[in-house]
Amino acid sequence: MHSPVIVGLFYFLLIKAWKSLTVQCEAYITVQQYPTIASIKYGTSALLDCIFDFQFLSEAEIEVDWYIQLLLFNDSMKKITMSSKMLPLNQSASLSRDDGKYKLTGNLLKGVVFLEVKNLQPRDVGLYTCKVARLIPPPYLEGSSNGTYICGIEDTLQDSCKSSETKFVICLGTLAAYTFVIIMATIIYVLVRRKSTCTSSPLPSRDSLIYVDMNFAKESTGDE
């Protein structure tokens with residue numbers, strides 16, 4: 001009779017061999033990424049989803065890489081990596097990595113990883129692609145998504161407020177300038193009128209006053 005230990009070991013090796021044979025038949029890893037295009041307001045965050053699936057996910061050593069091709073820097077390629085080697089011994093906690101600009105979260109055992117791009121700026125516009133690789137067990141397999149193109153948009157409400165504020169300041173300045181010009185023109189006009197009146201109507205001289213008095217005296221004598 002066969003020992004139960006030997007029989008159990010035989011079945012265990014048989015199952016392992018069957019799984020390895022099945023894994024070798026896999027030709028690719030299915031990787032899906034959402035959204036395809038992300039229009040994000042500058043100053044806010046963009047959240048990208050990477051979902052992948054293949055057989056025996058819980059028994060494999062997985063590595064997820066985010067490749068970032070920035071529009072303003074065509075020759076530069078950033079790479080952010082999350083590996084199952086980072087998992088704790090109990091294999092139950094989710095992974096998280098935050099370097100200030102980019103934040104990676106997810107659960108490799110469940111086949112989902114999120115990339116958060118914080119405080120989006122014009123320099124962050126570009127193509128973000130998720131690639132997944134199975135390192136162990138062999139053979140090496142990898143899959144890649146079509147990527148997400150992140151484009152930035154301005155805050156139209158804020159721009160309209162700024163535009164309205166600028167127009168208001170311009171109108172206020174123009175009104176103040178016109179008011180100043182009108183006031184100065186009025187003052188100059190009044191001064192010119194006064195000067196003209198004084199020049200055209202001089203005060204009577206002393207001789208003319210004596211002449212007027214003499215005529216008045218003659219008229220008064222004649223009446224009597």
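The table that follows gives values for the structure above.
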item	result
Any hit, segment 105-118, residues being farther than 18 Å from Phe52 by Cα, in contact (Cβ under 8 Å) with a residue 24 or more places away in the chain, surrounded by 13 or more Cβ atoms within 10 Å (Cβ to Cβ) and of a type outside the set (D, E, K, R)	yes
Residue within segment 20-32 that is at pLDDT 90 or above, surrounded by 13 or more Cβ atoms within 10 Å (Cβ to Cβ) and not β-branched (Val, Ile, Thr) present	yes
Residue, farthest from the chain's Cα centre (by Cα), within segment 119-136, restricted to residues that are farther than 16 Å from Leu48 by Cα and surrounded by 16 or more Cβ atoms within 10 Å (Cβ to Cβ)	Arg134
Selected residue [touching a helix residue (DSSP H, G or I) at 6+ places or on another chain (Cβ under 8 Å), surrounded by 10 or more Cβ atoms within 10 Å (Cβ to Cβ), at pLDDT 75 or above and of a type in the set (A, V, I, L, M)] from Ile183, Ile150, Ile170	Ile150
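The values are calculated or read from the model by the stated rules, or taken from the named source; none is laboratory data. Model, not experiment: these values are computed from the prediction. FYI the Cβ positions are ideal-geometry reconstructions off the backbone, even for glycines, and counts take in every protein chain you see.
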